[in-house]
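The values are calculated or read from the model by the stated rules, or taken from the named source; none is laboratory data. Please read all numbers here as calculations on a predicted model, not as lab measurements. Cβ sites come from the backbone with ideal geometry, for glycine too, and all protein chains shown count toward neighbours.
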């Protein structure tokens, strides 16, 4: 049985340490520096940005910016308005309307979980390549934060605390680049990997699954994990999971057409990025448009609601049979397992609030 639930990044890896290298010998008062990111034992190695490596000061600045409503044009909307920590940084509504304009958006706000490993595009259609470039979209979108970035720089420059924080983090004055880099650094620290399921995988004392949960795990391994791959519970790929069969609506720059909007490849019609199953109990409503309010509705879609189209994921059309055959008991057990993916420590981590 493993006594430590997280890998501690060792002293030599300076980019992930809170403090500079300190000799690890002989001093009774010595305490090992706390890592900037705690990577679970069952996770792959942390992927830091080569052009924006983590630093204690960069993360602190990013966290402050994330919760600051000054980032919006009307000073009423922050990143956290649509990404609440207690909901795994989702917002609990199908389509948000809390932006500057008050207009309803067309995409469900995704949870912000384990984004350091999100190396194949961001947003539901992969329209942004990394966290740094992604931040510009909500900051400038008229229905989200609608901030003039030059004006934002002036506002932040007028606050001595921000001037100090930017200098400490990047050795430079307040800048657009510094803003998005700091936000990206903070978001890369949002690691969730201490659910009951993770403890089960790591053979820890609190990781005992009951019979229903074990049966649900077996079903997930059979039907779900091909796309929701362990340990991140996403493959970071794009799939058509049979929500629709007509993708002719080109409104809003093709936002309803999925990955096709980005690639212009007909094979990508109706494909959206696989969301992680981590903390899924807390991230309703579900799908890119929030059409399903409960996990029961999600499972029922896969049981008997899948719509066929040329780009449909092959897993959902086996032997000319659409969907996934599950009994009511199997459905209940699968949901029981999905609830073991809730990570209460992540949801309540003071480092993220």
For segment 103-122, state whether one or more residues are farther than 17 Å from residue 254 by Cα and modelled with pLDDT under 95. yes
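Go through the residues of segment 60-68 one by one and say whether even a single one is modelled with pLDDT of 95 or more, exposed (fewer than 13 other Cβ atoms within 10 Å of the Cβ), within 21 Å of the chain's Cα centre (by Cα) and not assigned by TED's automatic domain parsing to the domain that holds residue 277. Quick ask: steps written out before the conclusion?
First, the residues of segment 60-68 that are modelled with pLDDT of 95 or more: 60-68.
Among the residues that remain, those that are also exposed (fewer than 13 other Cβ atoms within 10 Å of the Cβ) are: none.
Looking through segment 60-68, none of the residues is modelled with pLDDT of 95 or more, exposed (fewer than 13 other Cβ atoms within 10 Å of the Cβ), within 21 Å of the chain's Cα centre (by Cα) and not assigned by TED's automatic domain parsing to the domain that holds residue 277.
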Restricting to segment 224-269, name every residue that is modelled with pLDDT of 95 or more, in a helix (DSSP H, G or I) and surrounded by fewer than 20 Cβ atoms within 10 Å (Cβ to Cβ). 262, 263, 266, 267
Which pairs turn up if I take residues in segment 158-183 that are not assigned by TED's automatic domain parsing to the domain that holds residue 67 and part of a helix (DSSP H, G or I) and look for partners that are at pLDDT below 95 and loosely packed, with under 14 Cβ neighbours inside 10 Å with beta carbon separation below 6 Å, at least 6 apart in sequence or on another chain? none
With respect to the numbered conditions (1) touching a strand residue (DSSP E or B) at 6+ places or on another chain (Cβ under 9 Å); (2) surrounded by 20 or more Cβ atoms within 10 Å (Cβ to Cβ); (3) farther than 27 Å from residue 118 by Cα, which one is the sole condition not fulfilled by residue 308? (2)
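May I ask you to list the residues in segment 82-102 that are over 15 Å from the mean Cα position of the chain (by Cα) and more than 24 Å from residue 253 (Cβ to Cβ)?
Within segment 82-102, the subset over 15 Å from the mean Cα position of the chain (by Cα) is 93-102.
Residues satisfying the conditions do not exist here.
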Do you know which residues across segment 69-92 are buried (at least 21 other Cβ atoms within 10 Å of the Cβ) and part of a helix (DSSP H, G or I)? 71, 79
The one condition residue 143 fails out of (1) more than 30 Å from residue 342 (Cβ to Cβ); (2) in a helix (DSSP H, G or I) is (2)
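State whether one or more residues within segment 138-149 are farther than 22 Å from residue 106 by Cβ, exposed (fewer than 14 other Cβ atoms within 10 Å of the Cβ) and in the same structural domain as residue 77 (by TED's automatic domain parsing). Quick ask: steps written out before the conclusion?
Let us first name the residues in segment 138-149 that are farther than 22 Å from residue 106 by Cβ, namely 148-149.
So of that shortlist, the ones also exposed (fewer than 14 other Cβ atoms within 10 Å of the Cβ) come out as 148.
Filter again for in the same structural domain as residue 77 (by TED's automatic domain parsing), leaving 148.
Among the residues of segment 138-149, at least one is farther than 22 Å from residue 106 by Cβ, exposed (fewer than 14 other Cβ atoms within 10 Å of the Cβ) and in the same structural domain as residue 77 (by TED's automatic domain parsing), which makes the answer yes.
If you check residue 209 against the conditions, is it more than 29 Å from residue 80 (Cα to Cα) and either crowded, with 20+ Cβ neighbours inside 10 Å or out of contact with any strand residue (DSSP E or B) (no Cβ under 9 Å at 6 or more places or on another chain) (or both)?
Values: more than 29 Å from residue 80 (Cα to Cα): yes; either crowded, with 20+ Cβ neighbours inside 10 Å or out of contact with any strand residue (DSSP E or B) (no Cβ under 9 Å at 6 or more places or on another chain) (or both): yes.
Yes, satisfied.
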Sole exception among (1) out of contact with any helix residue (DSSP H, G or I) (no Cβ under 7 Å at 6 or more places or on another chain); (2) farther than 22 Å from residue 114 by Cβ for residue 228, by number: (2)
